[in-house]
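Novice: I'd like to ask you about the structure that follows.
The values are calculated or read from the model by the stated rules, or taken from the named source; none is laboratory data. Just so we're clear, the structure is a prediction, and the values are computed from it rather than from any experiment. Using ideal geometry, Cβ is built from the backbone for each residue, glycine included, and neighbour counts are taken over all protein chains shown. Accessible surface is based on the protein model in full, side chains and every heavy atom, while ligands, DNA and RNA are left aside. Shrake-Rupley method; radii C 1.70, N 1.55, O 1.52, S 1.80 Å.
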Amino acid sequence: MLIKRLRVEEGFFNLLDLQFSQGLNVLVGGRGVGKTSVIELLRFGLGVSNLSDSASRESTAHAVSILQSSGRVVIDVEVNGQTLTVTRSASDAAPSNITFLPKPIIFSQKEIETVSLNSLGKLNLIDSFVSNAGYENQQANQVHSEVKSLYANLMNVKRELDEAGDHTFKKDELMRQEAELISQQKGYESKNASMASSQAQYSMLEKELVEIEVDINHSSYLVQVFESRVAQLSSLMSKNSNQFSNASQSTRVTNLYSLANDLIDQETSVVSDLIRKNRDFIAKVQSDLTNLFQSKSNLEEKARSYRGEISKITENAGVVLSRLSQVRTQLSQVSSWEQVATSKAEQLNVIYDQIQLKLGELANLRTEVFNRRLEVVNELNKSLNPFVKIEIRPSSDQSNYTEALKLALKGSGLRYNEIVEGITSKIHPQWLFYYVFASKYEEFASMVNMPLDRATRLLSYLRDIDLGALLTSRIDDQLDLYLLDKGSYKPVEELSIGQRCTVALSIILENKNRVLIVDQPEDHLDNEFIANTLITSLVKRASVVQTILSSHNANIPVLGNASMVVNLDSNGRRGFVKHSGSVEQDDIRDAIESIMEGGKAAFQRRSNFYTRSLG
């Protein structure tokens, strides 16, 4: 990608029109003329995020303050020989026309100072060397969404399984009662043979009643399920009821709104048809239920008649038969719920396997990302040896996983702060899910060296909550940066600001795959590094990829042989381009001498000083 032109409408830079070249571009000018603002307008216009959310908010606020309420930035870029125009106004949530646009690397001075102290920032440095890093993130985000959706479904099925279990827990007691009543019934039959015929007829009726009761239970369950489906579809229908009303005079927008409304109409028609079909099905089932209830009523009437005959023979026998009928009806209902429970348990196992499969995909993605990062780290170590050293360890940063587990256990009543890190350091989310789902209390307790009763309480609590966010929590590679200082390598966390900037810029400048935009890279750097390393790297970059910098150091545009120097100026109310062109132009030379060298007289005095020193 090549940034060719930046235009600004309204605001501090109203009518600003900057042209950029293919090589090294340097923004120069006194303080307060808007060099940093141009960098932030490029970031805002191209939709490039900062290393942290708070920094992104600050950058966006900076750009919006420059554009003011009605301003707009227009950027022309060249991608694969084709020129595209990207626009974004102060009120736009995102730029236009950037779906397939490769984004440049943009660093503010503050980010240069702090990027090496931030775990995610260090990884972003390495990831910026790979063109498809964004695609891998999209894949991971897709898997995250699928896991969360599957887990939400798992929780629904688990609730249905628990409900079915609540209806079956009395089965053993009911079977005991049935056996006792059958024994009493046989006793009465043996005493009175005349009761046998009525008893046989009654038993047949009772069998039919049990079968009808099972059918009623299944049919009622179907009505409940499909009424829930109708409610969900009706909710979707209400969301589609709001059509777009076009207040714009633009024909293009009118056409888009018309297409959107047509799509909503089509969706509404489909959903409406589905609701109708679901309701038709419910009506059919309810009709069947009416018939079943009528048949049940008829059979119960006959059963009462036979019970009456049997009761004439012996009152106690009639009571036993009536109680036996009730128990068997309850057992038929239990049997129906057992079938539901079996179905839900099978469904639960299927969802569990699906989630574990997705978690496996996520683990494979992490391995692919690590291998890609390792290749970049090895190349950087070759290029930056011996001054800068980089080490990377796979999936060693458990901080997000740890915080997610703490959040999951909040409100559990368990003292979790003292045990969470021990769990996340030893048990991967996939294994934690296994222990929770399979209720492997002893294995878990042994793995994390925890008392069994405490492990049981912890896993039982996790089993009853949604673990989608926990299972998809980010587990990052660990990246460590070192600088050779006085014969030994120092970790970046122990370095001065200038040394940290040296490490960060050394890595950033090795990236020759993407356009680089940096605000004042020379700050905190010693002149030797600027002259020997920074400028040398900039010259190499300029031959293969575009670089845009703002700077107060004359060595950067001069020794870097900048192909485009933009001299910005301001009258206090508006910023503008005073001069622009290559370092060979007289007005650009004058600007560099005046702004960056303190004027011709100061430049001449330094020249004389260096001449005498050399002499």
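Novice: Loop-only check: which trypsin sites (Lys or Arg not before Pro) in the stretch 492-561 are DSSP coil with at most 13 other Cβ within 10 angstrom? If you can, show how the numbers build up before the last one.
Specialist: Numbers: sites: Arg500, Lys512, Arg514, Lys540, Arg541; in loops: Lys512, Arg514.
Answer by residue number: there is no such site.
Novice: What is the ratio of the Cα radius of gyration of the stretch 347-505 to 2.2 N^0.38 Å, where N is its residue count, to two decimals?
Specialist: Working it through for the stretch 347-505, the quotient is 1.32.
Novice: At q = 0.10 Å⁻¹, what base-10 log of I(q)/I(0) does the Debye formula yield for the chain when every alpha carbon is treated as an equal point scatterer in vacuo?
Specialist: -1.06
Novice: Provide the solvent-accessible area of Glu180, counting protein heavy atoms only and rolling a 1.4 Å probe, rounded to the nearest 10 Å².
Specialist: For Glu180, solvent-accessible area is about 90 Å².
Novice: Right, here's the next one. From the phi angles alone, apply the Karplus equation (6.51, -1.76, 1.60; θ = phi - 60°) to the stretch 115-122 and give each ³J(HN,Hα) in whole Hz, x where the residue is Gly or Pro.
Specialist: My calculation for the stretch 115-122 gives 4, 7, 9, 9, 4, 5, x, 5 Hz in order.
Novice: I've got another one for you. Using a probe of 1.4 angstrom, how much of the accessible area of the chain is carbon and sulfur, in percent?
Specialist: Numbers: 15680 of 32020 Å².
Its accessible area is 49 percent carbon and sulfur atoms.
Novice: Report, in deg cm²/dmol and to the nearest 500, the calculated mean residue ellipticity at 222 nm for the chain, where each DSSP H run with n ≥ 4 adds -39500 (n - 2.57) and the sum is divided by the residue count.
Specialist: Computed ellipticity for the chain at 222 nm equals -21000 deg cm²/dmol.
Novice: Which value, in Å², gives the accessible area per residue of the chain when a 1.4 Å probe is used on the protein heavy atoms?
Specialist: I get 52 Å² per residue for this part.
Novice: What is the extension gain from Lys170 to Gln430, computed as 0.36 nm multiplied by their sequence separation minus the C-alpha to C-alpha distance, in nm to one decimal? Can you show the working numbers first?
Specialist: Details: separation 260, 0.36 × 260 = 93.60 nm, distance 3.56 nm.
Additional length available on full extension: 90.0 nm.
Novice: Compute the Rg to Rh ratio over the stretch 69-179 from the alpha carbon atoms, using the Kirkwood formula for Rh, and round to two decimal places. All intermediate terms of the calculation are to be shown ahead of the outcome.
Specialist: Working: Rg = 27.4 Å, Rh = 20.2 Å.
Across the stretch 69-179, the Cα-based Rg/Rh ratio is 1.36.
Novice: Exactly which GluC sites (Glu not before Pro) in the stretch 349-434 are in a DSSP loop and have at most 12 other Cβ atoms within 10 Å?
Specialist: Glu418
Novice: For the stretch 136-159 and the stretch 341-361, what is the separation of their C-alpha centers, rounded to whole Å?
Specialist: 12 Å
Novice: Also, quick follow-up: For Cα pairs less than 8 Å apart in space and 6+ apart in sequence, what is the mean separation divided by the residue count of the chain, i.e. the relative contact order in percent?
Specialist: The value is 25 percent.
Novice: Residue farthest toward the positive end of the dipole of the chain, with Cβ of Lys/Arg at +1 and Asp/Glu at -1: which of Asn153, Leu458, Ala140?
Specialist: Ala140
Novice: Please compute the net charge surrounding Arg373, taking Lys and Arg as +1 and Asp and Glu as -1 over other residues with Cβ under 12 Å from its Cβ.
Specialist: Local net charge: -4.
Novice: Next question. Could you grab the Rg to Rh ratio for the stretch 1-132? Cα atoms only, Kirkwood for Rh.
Specialist: Radius of gyration relative to Kirkwood radius: 0.95.
Novice: The stretch 465-507 to the stretch 62-135: how many Å between their Cα centroids?
Specialist: Each part reduced to its Cα centre gives a spacing of 23 Å.
Novice: Another question about this same structure. Tell me, in nm to one decimal, what length is gained between Asp569 and Leu452 on full extension, where the rule is 0.36 nm per residue of separation less the Cα-Cα distance?
Specialist: Full extension from Asp569 to Leu452 adds 34.9 nm.
Novice: On a 25 Å Cα-Cα criterion, which of the cross-link pairs Lys358/Lys382; Lys410/Lys440; Lys110/Lys578; Lys148/Lys426; Lys490/Lys512; Lys486/Lys540 come out too long? Kindly include the intermediate steps, with their values, before the conclusion.
Specialist: Numbers: Lys358/Lys382 36 Å; Lys410/Lys440 22 Å; Lys110/Lys578 27 Å; Lys148/Lys426 23 Å; Lys490/Lys512 27 Å; Lys486/Lys540 28 Å.
Result: Lys358/Lys382; Lys110/Lys578; Lys490/Lys512; Lys486/Lys540 exceed 25 Å.
Novice: Using a cut-off of 19 Å between alpha-carbon atoms, which lysines can reach Lys296, once sequence neighbours fewer than 8 places away in the same chain are excluded?
Specialist: Lys207, Lys284
Novice: I would also like to ask the following. With the alpha-carbon atoms as the only input, what is the per residue convex hull volume for the stretch 448-528 in Å³?
Specialist: 209 Å³
Novice: Regarding the stretch 295-399, what is the average projected area of its C-alpha convex hull, in nm²?
Specialist: Spelled out: convex hull of the Cα atoms, projected over all directions, averaged, 12.4 nm².
Novice: While we're looking at this one, here's another question. Rank these residues by their accessible area, most exposed first, probe 1.4 Å: Arg589, Arg373, Arg307.
Specialist: Result of the area sort, largest leading: Arg589, Arg307, Arg373.
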